[in-house]
Amino acid sequence: MANIPVTPLLAMIRKDLQLFFSDRRSVIVSFVVPIAIGAFFGSIFSGPGDNAEPARIAIAVIDQDGSAISKAIVTGLQSDRNLKVATPAEAEARDAVKRGRTAVGVIIPKNFGDAAGKAFFGGGAKPDVNLVYDPSRNTELAMVRGIMTQHIMDAVSREMFGGAMGKQYVEKSLPEIESSKMPAEQKAVLLQLLRSVQGVYNQPAGAGGRPQGVTMPYAVHEEAMTAGSNVAYNGYAHSFAGMGIQFLLFAMANLGVEMLLERQRGLWRRLRSAPVSRFTLLTGKAASGSIISFLILTVCFAFAMIVFKVRIQGSVVGFLGVAIACSIMASSFGLLVAALGNSPATARGITTLAVLMMVMLGGAWVPTFVFPAWLQQFTLIVPVRWAVDGLDATTWRGVGLAGALAPIGVLLAFAAAFGALAASRFKWEEA
């Protein structure tokens, strides 16, 4: 590869930066608009379609009890068509939730089955089911909580009305209740209920049901998995990541359109007559675009940090690495627009659609978990998905440098692919 002359390269970068900042409308669109929209979406998401295969919610279930009731609960959750259930160790489940790979971790504690059976008839304290969850996915948490209610009630009622544990509990509880000092009216009702249940055991096996007046046999303890126990989820971190990426892509698409205008005016033909290689010319454009993109992203996050208290809870190096890789990817996308566009007018329309599709599929507008299952997998080939995930990981998720390496690598790979295609297809003169 030929050496790049530094003086012409710096001159090109300085010229592009001066042109960018001299256009007041471009500066407003690139800096002010993403801040405004990011603040709007952040205020919405800070608080709590027809498809053959539903988008399953990824959960992890840790059964520390191993009782008949807890095993039945796990089996029921695994058979539920709305859930994608894994059964890892507790530490692995917590890490998966923290990194955003799993929405909710369900921890069934030891002795849960015995305590839930006693609580079913109001005779004992309600045991906790511990939920560790991704705080950016409150909708999924609510769905999991509701689905669990069904499966826990099914498992507990089936065991208490037709299983060995229920039979033993009734036989043990009847004499205790008879000798207790509870009010006579309450004692009579409870004895009648338990004797009716006892009669069930003498009948052929059948499906258990929930009797009237039975209390919920468990309570829920919820723990948000963020960067630390005292670190709250900040929805502005995600919204500013999405809006910042969207508008730096728009800025770079506009840079590509301006290059088409320069080609129309014969500027590139005149530049080619100078003692500067094609590689130097394209590198200069890519460098200036990367600087502008990085400025847009960092200004957006600086505003979010000052006004909305967004913090980099993970690796600062990882955050900068993702931001730089994203900026290089966006700049190479602008070169691709210039290389493939036939005219400024047609390129502007097509690239606007392309940018909107990328940010929509990449989770910049709404989280990707609301998409159908097949579409969630498809978004992995969209660079915006990796950029948003990388910025989320290094801000509110609190993931270290290792968690940023994959997004950085994928974004640089997209940049290399865009740049190579742009260099091979770039037209230096009008046809």
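Bear in mind that the values in this text are calculations on the coordinates, not laboratory data. Fair warning: this is a prediction, and the values are worked out from it, not measured in the lab. Glycine gets a Cβ as well: all are built from the backbone with ideal geometry, and neighbour counts include every protein chain shown.
Bridgeable lysines around K118 (alpha carbons under 29 Å apart, same-chain partners fewer than 8 residues away excluded): K71, K110, K126, K167, K172, K181, K187. Within the straight-line cut-off of under 16 Å between alpha carbons, the lysines reachable from K285 are K15, K427, sequence neighbours fewer than 8 places apart in one chain being disregarded. Each of C326, C300 was scored by other Cβ atoms within 10 Å of its Cβ. Listed from fewest to most, they are C300, C326.
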